[in-house]
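The values are calculated or read from the model by the stated rules, or taken from the named source; none is laboratory data. A quick note: this is a predicted structure, and the numbers were derived from the prediction, not measured. Here the Cβ positions follow ideal geometry from the backbone for every residue, glycine too, while neighbour counts run over all protein chains shown. Ligands, DNA and RNA are stripped out before the accessible areas are found, and what is left, the full protein with its side chains, is counted by its heavy atoms. Shrake-Rupley method; radii C 1.70, N 1.55, O 1.52, S 1.80 Å.
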Amino acid sequence: MVNFTILAGGFSTFVATYQTTTGDNPSWIASHPQNISVLYAVNENYPVGSLQSFLMNPDGGLTLADTVTSRGAGPTFTNPLSTGEVTAMNFGSPNCSLVATMPNDPLHFQTDSPVVEFPVNGGPSNPHMSLEHKEEVLVSDFVHGILFVVNELTSTLTAQHIPEAPNGTTLPLIANVSIIPEDFKSKSSFAGAEILISKPTQKFPDSLIYVSNRNTGPNFDPRGDSIAIFEFASSSPILRAHARQWQIREDDTPQPVGPTAQAQVSGDLILQTQVFTGLRQIRSMTLGRVDDGGDEYLIAGANLDGGVAMFRRVDGGHNLTLVARNTEVANRTSFVFV
């Protein structure tokens, strides 16, 4: 029997596990990459949200350390950067607050941090993701030189090369596929949500892409929303990493990126399976940690119905089987394995 401690944020006044009281609506939580006892949470509130830091106790409980404004409306995502800053992606503003922490003290924030505005350019702009790549912060998931994007409004998964900094150009797409279940595509509307990229290990040798669908109606599949599993079949070797944990296989060697890589790397996104979850409105899902074998499991939460579901990765990660479901704590929208 295996046991994991998992913290779950959501639309409530607590982070679940020990029902630790926090600010309102801690909809996304993230652990510090060098110190897992430090946890960050954004409070997805309007008209102005906030960013909080917590110290995780040995029993899994949380002690609030600091709170600072996100300087925008409805922050939906946070993650710490190598610069000592912590992002707060303000979905409703639209902008991003880059909140600096105190030198050698990741638990406490400075109050004079910059805000990056996102131009609307005639259409809606709703930033709700951030990842660090070299000296830039991107709003998506990628694997060393190839950018994988789940497009919320079109329900597609795309792959493209990342141009050399400063990013201001767009390179042609390598692949562009639908993530909607074929047998329900014509019956309802869908929106993409979360994207995860697994790190190759001995037990799970293939780097796989897990993408969640959200059925937005009017007809709802009784099987619940699905998680689509894809493999990027590349015609040339590329570095593979877990986009959340920034860990690269030791036996991999750097490959060229930018224009050189564009000439070398091509491929297709191949659907492995659609896993129906029994969840309605999957806002987030998370893979467990590699170092303790937790990557055998994927946890996903429903913002509406179905609670929280834990799946085991089977067939080398190319499929999922349900192992547990909890419906006692609703509206869980982000998870951290500790």
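Annotation: of all residues in region 300-314 being open to solvent by 10 Å² or more (accessible area, probe 1.4 Å) and hydrophobic (A, V, I, L, M, F, W, C), the one that is modelled with the lowest pLDDT is L304. From the list G317, G294, the one residue that fits, being surrounded by 23 or more Cβ atoms within 10 Å (Cβ to Cβ) and under 23 Å from T273 (Cβ atoms), is G317.
Just one residue in the set G294, G258 is at pLDDT 90 or above and either of a type in the set (G, A, S) or within 24 Å of I229 (Cβ to Cβ) (or both); that residue is G294.
Given the structure, is T67 closer than 18 Å to S113 by Cα and touching a strand residue (DSSP E or B) at 6+ places or on another chain (Cβ under 8 Å)? If you could, list the steps in order and put the result at the bottom.
Working: closer than 18 Å to S113 by Cα: yes; touching a strand residue (DSSP E or B) at 6+ places or on another chain (Cβ under 8 Å): yes.
Here the answer is yes, as T67 does meet what is asked.
Among the candidates R244, R280, the residue that is open to solvent by 40 Å² or more (accessible area, probe 1.4 Å), in a loop (DSSP other than H, G, I, E, B), within 25 Å of N326 (Cβ to Cβ) and at pLDDT 75 or above is uniquely R280.
If I ask for residues that are farther than 22 Å from T333 by Cα, in a strand (DSSP E or B) and open to solvent by less than 70 Å² (accessible area, probe 1.4 Å), which ones from region 109-131 would you list?
F109, V115, V116
Close contacts from region 188-206, counting a first residue that is touching a residue at least 40 places away in the same chain (Cβ under 8 Å) and a second that is among the aromatic types (F, W, Y), with Cβ to Cβ under 7 Å and a gap of 6+ residues or different chains, come to I195/F148; L196/Y210; I197/F148; S198/F204. Within region 145-164, restricting attention to residues that are open to solvent by less than 20 Å² (accessible area, probe 1.4 Å) and within 13 Å of N176 (Cβ to Cβ), the residue that is modelled with the lowest pLDDT is F148. In region 57-77, what residues are open to solvent by less than 30 Å² (accessible area, probe 1.4 Å) and farther than 27 Å from P94 by Cα? Matches in region 57-77: G60, G61, L62.
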